[in-house]
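For reference, the structure is listed below as structure tokens.
Laboratory data are not the source of any read-out in this text; all were calculated from the coordinates shown. Because the structure is a prediction, the values reported are computed rather than measured. Don't worry about glycine lacking a Cβ; one is built from the backbone with ideal geometry, like all the others, and counts go over all protein chains shown.
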Amino acid sequence: MPDRLPPLTALRAFEAAARHMSFAKAAEELFVTPAALSYQIKSLEEHLGAPLFHRLNRAVALTEIGNSLAPGVQEGFQTLTAAWRSAQRQTDDATLMVTAGPAFTAKWLAPRFYEFARAHPDIDLRFSATLRNLDFNRDEVDVAIRFGEDHKEPGLWSFPMAQEWVTPVMVPEMAERFPTPESLSTATLIHDESIDFLRPRADWAAWCRLMKLDVDTNHGPRFSGADHSIDAALAGAGIALGRRALVVKDIHEGRLVAPYGHAISLKARFRFLCREGTQTRPHIAALHSWMMKEIEKTAAVTQALSLTPVEEIPPHDAH
């Protein structure tokens with residue numbers, strides 16, 4: 001049996017008809033007449049030597065062979081479409097699609113992106129706030145910002161960004177009420193559960209062990225999103241254990257303070273991800289360079305803290 005593939009137009013006609021279960025709707029989608037579409041499918045059946053559709057009175061149905069062929073053809077056209085869009089994106093230096101988690105988008109990208117837009121008016125920056133796993137081709141993404149321990153992912157260029165840490169943060173007025181770490185025993189502690197997956201854990205209990213404090217850390221509101229815990233601290237609702245990337249601008253500009261001078265440094269960081277080989281494309285390189293310069297603007301906040309690696313903090317059962 002020859003392996004020569006039939007014409008692409010015939011396969012496209014079959015794919016559309018199988019998806020719509022209608023020759024008329026498929027013809028409308030492909031901007032051809034129903035007669036032309038029927039001719040394409042008939043030529044495909046002749047090429048195969050078997051019928052693909054049962055022609056009913058006012059409808060069509062796939063034959064057993066048609067049912068066998070349809071999934072692979074549909075997947076093939078989806079792959080072709082994704083590849084074509086990927087190729088188109090690589091010729092487009094005017095649009096930059098960036099995805100990051102909701103917290104990073106809200107607390108890092110959104111407050112700063114107008115500065116990038118002002119410096120690069122020729123680049124149309126677009127954001128997608130999501131944490132789901134991405135396929136750079138399928139999802140039409142140019143850059144992803146993801147948090148975690150650095151590791152090589154096949155086909156991706158991964159650049160670890162600034163050292164991450166957590167430290168208690170609060171509005172200046174609250175710092176007057178809780179001037180020392182020991183005074184936290186009567187404070188409302190705000191919990192960010194978004195990094196509870198890290199091991200060792202870098203939570204309130206760990207920070208109190210670092211400071212040798214006898215504080216009950218089981219109370220206080222808990223948030224699954226880091227941005228929500230920071231918003232609660234900004235509203236004066238309590239004291240949050242803030243992550244560097246998400247609170248450093250607020251500390252730098254005085255909306256929050258980190259009065260105790262001690263932070264837990266994390267093994268995990270935010271990473272700048274793009275497809276291998278695309279990191280030198282002008283608009284991607286421009287975004288990366290700008291982000292690193294923005295990080296440098298607030299470096300003094302980190303320099304003012306004493307950092308202790310999370311793995312050096314005694315565990316719960318240490319004596």
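Points worth noting:
- Among 192-198, 180-186, sorting by the average number of other beta carbon atoms lying within 10 angstrom of each residue, highest first, gives 192-198, 180-186.
- Each part reduced to its alpha carbon centroid, the range 195-244 and the range 166-193 end up 10 Å apart.
- Look at the dipole of the range 8-89 built from charges on Cβ: of 27, 63, 49, the Cα furthest out on the positive end belongs to 27.
- Within the chain, DSSP assigns beta bridges of which about 55% are antiparallel (rounded to the nearest 5).
- Sites listed here are trypsin sites (Lys or Arg not before Pro) in the range 94-163 whose DSSP assignment is loop and whose Cβ has at most 14 other Cβ atoms within 10 Å: 132, 138, 152.
- The mean sequence separation of alpha-carbon pairs under 8 Å and at least six residues apart, normalised by the residue count of the chain, gives a relative contact order of 19 percent.
- Electrostatic dipole magnitude of the range 8-89 [Cβ: Lys, Arg +1; Asp, Glu -1; Cα centre; debye, to 20]: 220 debye
- Label corresponding to P(r) over Cα pairs in 10 Å bins from 0, in percent when calculated from the structure given, among (i) 7, 30, 37, 22, 5, 0; (ii) 6, 25, 32, 22, 11, 4, 0; (iii) 5, 21, 21, 16, 13, 11, 8, 4, 0: (iii)
- Computed E for residue 129/residue 54 - FRET, C-beta separation, R0 35 angstrom, nearest 0.05: 0.15
- Between 0 and 90°, nearest 10: helix 64-89 axis offset from the chain longest Cα axis: 50 degrees
- Its Cα centre serving as origin, the chain has a Cβ charge dipole (Lys and Arg +1, Asp and Glu -1) of approximately 540 debye.
- Short-range pairs are left out: with C-alpha atoms under 8 Å and at least six residues apart, the relative contact order of the range 8-89 is 26 percent.
- Using the Cβ-Cβ distance between residue 276 and residue 77 with R0 set to 22 Å, the FRET efficiency from 1/(1 + (r/R0)^6) comes to roughly 0.25.
- The loop-placed trypsin sites (Lys or Arg not before Pro) in the range 171-245, going by DSSP, that have at most 15 neighbouring Cβ atoms within 10 Å of their Cβ come out as 212.
- Model label sites at residue 85 and residue 149, defined 7 Å from Cα along the beta-carbon direction, differ in position by 3.4 nm.
- Estimated from helices alone, the mean residue ellipticity of the chain at 222 nm is -12000 deg cm²/dmol (sum of -39500 (n - 2.57) over DSSP H runs with n ≥ 4, per residue).
- Pairs from the table (152/249; 249/293; 107/212; 152/267) lying more than 23 angstrom apart at Cα are 152/249; 107/212.
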